[in-house]
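What follows is one structure encoded as structure tokens, with my remarks underneath.
A short reminder: the numbers here are calculations on the coordinates, not readings from a lab. No experiment lies behind these values; they were computed from the predicted model shown. Cβ coordinates were reconstructed from backbone atoms using ideal geometry, including for glycine residues, and neighbour counts include every protein chain displayed.
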Amino acid sequence: MPNEVDLYDGHYGHLDADPLVAVRRETYDEDLGQASWITLAEAREFLRALELAPGLSALEVACGSGGVLCRMALETGASCVGVDINPEGIEAATRRAHTLGLASRVSFQLADAGRSLPFPDESFDAVFCNDSINHLPGRLEVLRDWFRVLRSGGRVLFTDPIVVTGQLTNEEIRARSAIGFFLFTPLGCNERLLAESGFLVRDVRDLTEAVASVSRRWRDARGRRRDALVRLEGEQGFDGLQRFLDAVHTLAAERRLSRFVYLASKP
Ligand SMILES: C[S@@+](CC[C@H](N)C(=O)[O-])C[C@H]1O[C@@H](n2cnc3c(N)ncnc32)[C@H](O)[C@@H]1O
């Protein structure tokens, strides 16, 4: 069934189109091709927590167009692999790695991360997943698979922007999840499932403010380019995404839906 509102196909398919680049420049501290709530400053904090270094390897689950992973490889010297289910995202990510001269240690593959990942046991020193775990069904199976592909002593860091911390109406849930499959997770559930998967939970932090501010900037930057974006997305597509961003902003600003980052390690 097609999604009610398209975000990812349009985003990755027109990644370098003028209005989308201009929107990302106004939304983020640096345009990394994001389709999420991550800024470069935040990505650097995540990298520090993952303790990557030359000679180590990292997997990004649902890497989108690969900008964050390429930056991770550049700033840490680690070898990196990204997977995503969106073919245009993977194509854009592969182009980016080549353009940046990173192809010898950064690669991207098409994969459905809701299923067992196409890697042998104990392949990576770190697993990273930003604002995407909410698109994967079966949280316990997903975490157990991340545990499987991590080496002993390895770290996992993921954000979940769909942690339920207040009341939501059915209309609000529909608007917030109009772009695809969403798993809404109650507060405390991720910590429990991490422990059940064998991980030691090291840190949990509330990053809801990032969602409230990035979604506002994203929506407003798009609003200022309505005509150009309507030519790309059609009127219905443009309005649908604006309604989605409105819902994201309201629910985050009112702390009814929260974004948390989880850092855990494999003993
Ligand atoms: C919010 S975007 C985040 C992308 C990237 N991590 C970022 O921060 O820009 C969510 C990503 O999840 C991907 N995705 C959704 N379902 C997936 C699945 N079953 N397997 C792999 N990737 C998936 C989408 O294609 C999209 O790139």
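Observations, loosely collected:
- Amide H contacts under 5 Å for GLY33, placed H, 5+ residues apart: none
- Magnitude of the charge dipole, the range 48-142, Cβ model with Lys/Arg +1 and Asp/Glu -1, debye to 20: 260
- The chain: DSSP helices with Cα axial extent of at least 27 Å and average Kyte-Doolittle hydropathy no lower than -1.0: 226-253
- GNM result for the chain, Cα springs below 10 Å: residue of PRO120, PRO161, PRO186 fluctuating most strongly: PRO120
- Rule-of-thumb Rg ratio for the chain [Cα; 2.2 N^0.38 Å; N residues]: 0.96
- FRET efficiency, ASP246 to SER152 (Cβ-Cβ, R0 41 Å, nearest 0.05): 0.35
- If only the Cβ of Lys and Arg carry +1 and only the Cβ of Asp and Glu carry -1, the dipole of the range 1-45 around its Cα centre is close to 40 debye.
- Segment GLU172-ASP9, length gained on full extension (0.36 nm per residue, minus Cα span): 56.4 nm
- Computed over the chain with a Gaussian network model linking Cα atoms closer than 10 Å, the most mobile of ALA111, ALA253, ALA41 is ALA41.
- FRET efficiency, 1/(1 + (r/R0)^6) with R0 41 Å, evaluated for GLN109 and VAL164 via beta carbons: 0.80
- Treating r as the C-beta distance of ARG48 and ARG226 and R0 as 30 Å, the FRET efficiency rounds to 0.20.
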